[in-house]
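Data block below; observations after.
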Amino acid sequence: MKSIGHSTWHGTWKEGHGTLSTGTPTLPAAAYSFSSRFEGTPGACPEELLAVAEAGCFNQALANNFGMIGHEAETIDTAVEIELLITDGHPKITTLHITVKAKAAGITQDEFAKCAERARTNCTIAKLLNRELTMNAVLLP
């Protein structure tokens with residue numbers, strides 16, 4: 001399967017504007033700009049989409065890892081935080097951090113920790129990023 005992302009841009013880096021879209025109707029031409037990317041103003045941001053991709057990939061990897069040891073996820077709630085800074089005039093992703101809370105009947109804390117760590121290191125998006133990816137994993141009662 002191929003996935004397609006598309007972007008348009010008009011103008012300079014700081015004063016210009018553009019759109020981010022997916023090949024499916026999931027994200028149709030979301031507006032973005034320097035300020036939405038680096039200053040937190042309303043609009044889309046490529047790093048936010050990357051964070052969503054990592055969260056979704058991680059959730060499926062964790063559910064798969066649970067299944068490999070005979071457990072099924074009741075819930076997996078994952079947030080991925082990507083910090084983007086401008087360093088020496090250039091954008092740089094400085095940190096990636098996963099926060100996951102999950103519930104699976106019968107799973108032990110040790111099993112959960114091993115499954116979460118395996119998902120963190122083996123999810124397809126994390127492998128592609130090839131950067132340090134920290135995590136806080138909480139098994140819910």
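General remarks:
- Count - residues of the range 81-126 that are surrounded by 11 or more Cβ atoms within 10 Å (Cβ to Cβ) and either among the acidic types (Asp, Glu) or closer than 14 Å to Ala51 by Cα (or both): 19
- Any hit, the range 8-27, residues being under 19 Å from Leu140 (Cβ atoms) and either surrounded by fewer than 18 Cβ atoms within 10 Å (Cβ to Cβ) or without any contact (Cβ under 8 Å) to a residue 12 or more places away in the chain (or both): no
- Considering the range 30-55, the residues that are without any contact (Cβ under 8 Å) to a residue 12 or more places away in the chain and out of contact with any helix residue (DSSP H, G or I) (no Cβ under 6 Å at 6 or more places or on another chain) include one that is nearest to Thr12 (Cα to Cα), namely Ser35.
- Selected residue [under 30 Å from Arg118 (Cα atoms) and among the polar types (S, T, N, Q)] from Thr22, Thr12: Thr22
- Out of Thr19, Thr78, Thr95, sole residue that is modelled with pLDDT of 95 or more, polar (S, T, N, Q) and closer than 19 Å to Cys123 by Cα: Thr78
- Which listed residue is surrounded by 13 or more Cβ atoms within 10 Å (Cβ to Cβ), assigned by TED's automatic domain parsing to the domain that holds Ala105, within 19 Å of the chain's Cα centre (by Cα) and not β-branched (Val, Ile, Thr), from Ala63, Ala30: Ala63
- Unmet criterion (only one of (1) within 23 Å of Leu20 (Cβ to Cβ); (2) surrounded by fewer than 15 Cβ atoms within 10 Å (Cβ to Cβ)) for Thr75: (1)
- Selection status of Ala63, at pLDDT 95 or above, at negative phi, out of contact with any helix residue (DSSP H, G or I) (no Cβ under 9 Å at 6 or more places or on another chain) and not hydroxyl-bearing (Ser, Thr, Tyr): no
- Taken over the range 127-139, the criterion of being part of a loop (DSSP other than H, G, I, E, B) and either farther than 21 Å from Leu50 by Cβ or not charged (D, E, K, R) (or both) is satisfied by Asn130, Leu133.
- Residue in the range 1-9 that is over 20 Å from the mean Cα position of the chain (by Cα) and farther than 24 Å from Ala119 by Cβ present: yes
- Filter pass, Ala102 being part of a strand (DSSP E or B) and not assigned by TED's automatic domain parsing to the domain that holds Leu129: no
- The range 128-141, residues that are in contact with a helix residue (DSSP H, G or I) (Cβ under 8 Å, 6 or more places away or on another chain) and either over 22 Å from Asp110 (Cβ atoms) or of a type in the set (D, E, K, R) (or both): Leu129
The values are calculated or read from the model by the stated rules, or taken from the named source; none is laboratory data. Here the structure is a predicted model, which means the values were calculated and not measured. So basically every Cβ, Gly included, is an ideal-geometry build from the backbone, and we count neighbours across all protein chains shown.
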